[in-house]
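Encoded as structure tokens, here's the structure I'll be asking about.
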Amino acid sequence: MEITSESNPTIKFVKGLQIKKNRMKYKQFVIEGLRFLQEALEHGVALEYILYSDSAKKIKGGDELIQQIEGKYQMYHLPDKLMEKLSETENPQGIMAVINMPEYSLDSLSEEKELFLVVLDRIQDPGNMGTIIRTAEGAGANAVLITKGSVDPYNSKTLRATMGAVFHFPVVQVEEDEELIEFLKKNKVRMVATHLDTENTYDMIDYKGSIALIIGNEANGIQEGFVAQAEEMIKIPIVGKIESLNASVAAGVLIYKAFENRRK
């Protein structure tokens, strides 16, 4: 189907999905780029429809992919200039898709006998959020749990940073901190919080068993409610002159330390 006008209802809807409120209302989000779409197709995501322009056919593998999926999905052809206006990337590849959000919940995680969870408490930077999700998936965690006040995991920058992990890895947004704490306690998940006010370094504890690593806000750390409930607090020692590590780097150190310990 051909779309040539910005006032087309489909174009307006896709443009609206750039806003978190609309993403949450319709439970849909947008992905851009050939590789990202290929990842989505390989993992069998619930794809609503695809929009593309002629520029997508000029990218290596683009023409083949479009021929492969034509007739299988609802597709809209746009002029290059309209696609550029719709895009949120600096170098648009001329192809995007609307995806239905996967339905994950805390209850669905209760079926696991031993949980390895990463809790992100008010993480604000999309790149940090996406990188931590990608790292958690790579290290075999069961899920990433996100508290209220964190950046949206389905905005375009976060999605790109996940490198496709979001298509097959549980990311659960939790509205109330109390609900999250209650879930962890009910399932006997040990809470390990990163905090400067402790003598325990990250290499001094046992990460085996059901565990939740809590990673705090880039500027303010973990909320006191989580600190008060945590069974253990740890820190990453800094021997240089910097005050702290980037949140995604710190998370990567802790996640892979837990991975190493749990493998033994």
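Given the criterion of a type in the set (S, T, N, Q) and in contact (Cβ under 8 Å) with a residue 12 or more places away in the chain, identify the matching residue among 67, 18.
Values: 67 fails: in contact (Cβ under 8 Å) with a residue 12 or more places away in the chain.
Sole residue among the options that is of a type in the set (S, T, N, Q) and in contact (Cβ under 8 Å) with a residue 12 or more places away in the chain: 18.
Hey, another quick one. Keeping to the range 229-261, report how many residues are outside any strand (DSSP E or B) and without any contact (Cβ under 8 Å) to a residue 60 or more places away in the chain.
The number of residues fulfilling the criteria is 19.
Right, something else. Could you check how many residues of the range 1-21 are within 19 Å of the chain's Cα centre (by Cα), surrounded by 15 or more Cβ atoms within 10 Å (Cβ to Cβ) and assigned to a helix (DSSP H, G or I)? Working first, answer last.
The first filter runs over the range 1-21 and keeps only residues within 19 Å of the chain's Cα centre (by Cα), leaving 17-21.
Within this subset, residues satisfying the condition of being surrounded by 15 or more Cβ atoms within 10 Å (Cβ to Cβ) are 17.
Imposing the further condition that a residue be assigned to a helix (DSSP H, G or I) reduces the set to none.
Count: 0.
Okay, moving on. Scan the range 148-175 residue by residue and report those that are in contact (Cβ under 8 Å) with a residue 40 or more places away in the chain, of a type in the set (S, T, N, Q) and either touching a Lys or Arg at 6+ places or on another chain (Cβ under 9 Å) or not assigned by TED's automatic domain parsing to the domain that holds residue 110 (or both).
Once the filter is applied, which keeps residues that are in contact (Cβ under 8 Å) with a residue 40 or more places away in the chain, of a type in the set (S, T, N, Q) and either touching a Lys or Arg at 6+ places or on another chain (Cβ under 9 Å) or not assigned by TED's automatic domain parsing to the domain that holds residue 110 (or both), the range 148-175 yields only 155.
If we scan the range 48-61, do we find a residue that is in contact with a Gly (Cβ under 8 Å, 6 or more places away or on another chain), within 21 Å of residue 153 (Cα to Cα) and among the polar types (S, T, N, Q)?
No, that holds for no residue.
Another one. Considering only residues that are part of a strand (DSSP E or B) and surrounded by fewer than 20 Cβ atoms within 10 Å (Cβ to Cβ), which ones fall in the range 22-56?
Here is the first cut: in the range 22-56, the residues part of a strand (DSSP E or B) are 28-32, 47-52.
Scanning the range 22-56 gives 28, 47, 48, 49.
Is there a residue in the range 182-197 that is exposed (fewer than 14 other Cβ atoms within 10 Å of the Cβ) and under 17 Å from the mean Cα position of the chain (by Cα)? I'd like the intermediate steps shown before the answer.
Within the range 182-197, the subset exposed (fewer than 14 other Cβ atoms within 10 Å of the Cβ) is 182, 185-186, 188, 196-197.
Of the ones still in play, those that are also under 17 Å from the mean Cα position of the chain (by Cα) are none.
No, that holds for no residue.
Still on this model: Select the helices (runs of 4 or more DSSP H) contained entirely in the range 61-141, then report the ones holding at least 1 residues which are of a type in the set (Lys, Arg), at negative phi and surrounded by 14 or more Cβ atoms within 10 Å (Cβ to Cβ).
On the way: elements: 62-69, 80-86, 106-109, 126-138.
Once the helices (runs of 4 or more DSSP H) in the range 61-141 are filtered for at least 1 residues that are of a type in the set (Lys, Arg), at negative phi and surrounded by 14 or more Cβ atoms within 10 Å (Cβ to Cβ), what remains is 126-138.
Which one of these is within 20 Å of residue 42 (Cα to Cα) and of a type outside the set (Asp, Glu): 127, 138, 149?
138
Could you list, in sequence order, the residues of the range 185-222 that are touching a helix residue (DSSP H, G or I) at 6+ places or on another chain (Cβ under 7 Å) and either free of Cβ contacts under 8 Å to residues at least 40 places away in the same chain or assigned to a loop (DSSP other than H, G, I, E, B) (or both)?
Once the filter is applied, which keeps residues that are touching a helix residue (DSSP H, G or I) at 6+ places or on another chain (Cβ under 7 Å) and either free of Cβ contacts under 8 Å to residues at least 40 places away in the same chain or assigned to a loop (DSSP other than H, G, I, E, B) (or both), the range 185-222 yields 195, 202, 203, 206, 207, 208, 218.
A further question on this structure: When residue 235 is evaluated against the numbered criteria (1) within 17 Å of residue 120 (Cα to Cα); (2) out of contact with any strand residue (DSSP E or B) (no Cβ under 9 Å at 6 or more places or on another chain); (3) charged (D, E, K, R), which criterion, by number, is the only one it fails?
Only one criterion in (1) within 17 Å of residue 120 (Cα to Cα); (2) out of contact with any strand residue (DSSP E or B) (no Cβ under 9 Å at 6 or more places or on another chain); (3) charged (D, E, K, R) is unmet by residue 235, namely (2).
Can I ask one more? With (1) in contact with a helix residue (DSSP H, G or I) (Cβ under 8 Å, 6 or more places away or on another chain); (2) at pLDDT 95 or above; (3) surrounded by fewer than 21 Cβ atoms within 10 Å (Cβ to Cβ); (4) closer than 19 Å to residue 246 by Cβ as the list, and residue 163 as the residue in question, which single condition is left unmet?
Among (1) in contact with a helix residue (DSSP H, G or I) (Cβ under 8 Å, 6 or more places away or on another chain); (2) at pLDDT 95 or above; (3) surrounded by fewer than 21 Cβ atoms within 10 Å (Cβ to Cβ); (4) closer than 19 Å to residue 246 by Cβ, residue 163 violates only (2).
The values are calculated or read from the model by the stated rules, or taken from the named source; none is laboratory data. Remember, it's a predicted structure, so these values are computed and weren't measured experimentally. So basically every Cβ, Gly included, is an ideal-geometry build from the backbone, and we count neighbours across all protein chains shown.
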